[in-house]
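Right, I'll just put the structure down here and ask away after.
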Amino acid sequence: MIGAFYEHNLRGRYVEVEYADGRVRPLAAERWLRPIDGDEHVLGRCGGPTLDVGSGAGRLTAALARRGIFALGIDITPLAVELTRRAGGLALLRCVFEPLPGTGLWAEALLTDGNIGIGGDPEALLRRVRQLVRPGGSVFAEVRSPGSGSTVDRVRLRHGGRTGDWFPWATVCADDIGLLAVRCGFPTVELWTAAGRWFATCTGPAP
């Protein structure tokens, strides 16, 4: 059901995110269809095979392919996978917690556009990504700005009078990513900013 609402939004239909505390905001997934300021800085750090987790319409996956870097996008929404392939990227309809090709061999993994919140448990997600990248591999995680706080919210999507099931979604702020990454097997963490966005490069131990 989550994927169906997301597809509606990718097709230009209005979808809202409703929080359990009563807040409501537009999903606005269409903003991920085009390059976003700061993307070039992320792409420029990818030097080897890259796994794009929650790749959506595949703007980063396809951009890496155009640069000659092998990249695979994974997403749980069929339309998102289709759009990635149309754009020239390689993508699979797959959840990050399911079996994936290249486990333990990826040089980099991307958790951009808030995807560190997938599943509502950033620690479980980072531990999973640690399994996916090779020794010395890195994950580029987009985080919230310092001082904004980390949260775990219950949310659901709404469209045309219909609502989906509640599910957890997390955010991680720059103040918290360091300790979290170390707990998950990434001993080296570098914070950096680009175009007003905050990122953490979390690197695993060298082989």
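Values quoted throughout were computed directly from the atomic coordinates according to the rules given, and no laboratory measurement underlies them. Here the structure is a predicted model, which is why all the values come from computation and not from measurement. So basically every Cβ, Gly included, is an ideal-geometry build from the backbone, and we count neighbours across all protein chains shown.
Counting residues in segment 155-197 as N, plug N into 2.2 N^0.38 Å and put the Cα Rg over that result. Spell out each step's value before the answer.
Values: Rg = 16.4 Å, N = 43, 2.2 N^0.38 = 9.2 Å.
In units of the 2.2 N^0.38 Å rule of thumb, it is 1.79.
Here's something else I'd like to know. About the Cα centre of the chain, what is the dipole size in debye to 20, counting +1 per Lys and Arg Cβ and -1 per Asp and Glu Cβ, all else neutral?
Numbers: 24 positive and 22 negative charges, 84 e Å.
The dipole of the chain has a size of about 400 debye.
Of 86, 94, 144, which has the largest mean-square fluctuation in a 10 Å C-alpha GNM of the chain?
86
Quick one: Kirkwood hydrodynamic radius for segment 1-107, alpha-carbon pairs, angstrom, one decimal?
Numbers: mean 1/r = 0.0685 Å⁻¹.
It is 14.6 Å.
Here is a further query. How big is the equivalent ellipsoid of segment 103-207 along its three axes, where each semi-axis is √(5λ) from the Cα gyration tensor, reported in whole Å from largest to smallest?
Values: eigenvalues 134, 53, 28 Å².
Each semi-axis is √(5λ); the values are 26, 16, 12 Å.
I've got another one for you. Quick one: if you stick a label point 7 Å off each Cα along the C-beta vector at residue 173 and residue 190, how many nm between them?
Placing both labels 7 Å beyond Cα along the Cβ direction yields 2.5 nm.
Something else about it: Have a look at 105, 141, 70 and report the one farthest towards the positive end of the charge dipole of the chain, computed about the Cα centre with Cβ charges (Lys/Arg +1, Asp/Glu -1).
Farthest along the dipole direction, towards plus: 70.
Ratio of segment 120-164's C-alpha Rg to 2.2 N^0.38 Å, to two decimals? Spell out each step's value before the answer.
Values: Rg = 15.6 Å, N = 45, 2.2 N^0.38 = 9.3 Å.
Rounded to two decimals, the normalised Rg is 1.67.
Separate question: Within segment 4-48, list the trypsin sites (Lys or Arg not before Pro) lying in a DSSP loop whose Cβ has at most 12 other Cβ atoms in a 10 Å radius.
Those satisfying the criteria are 11, 23.
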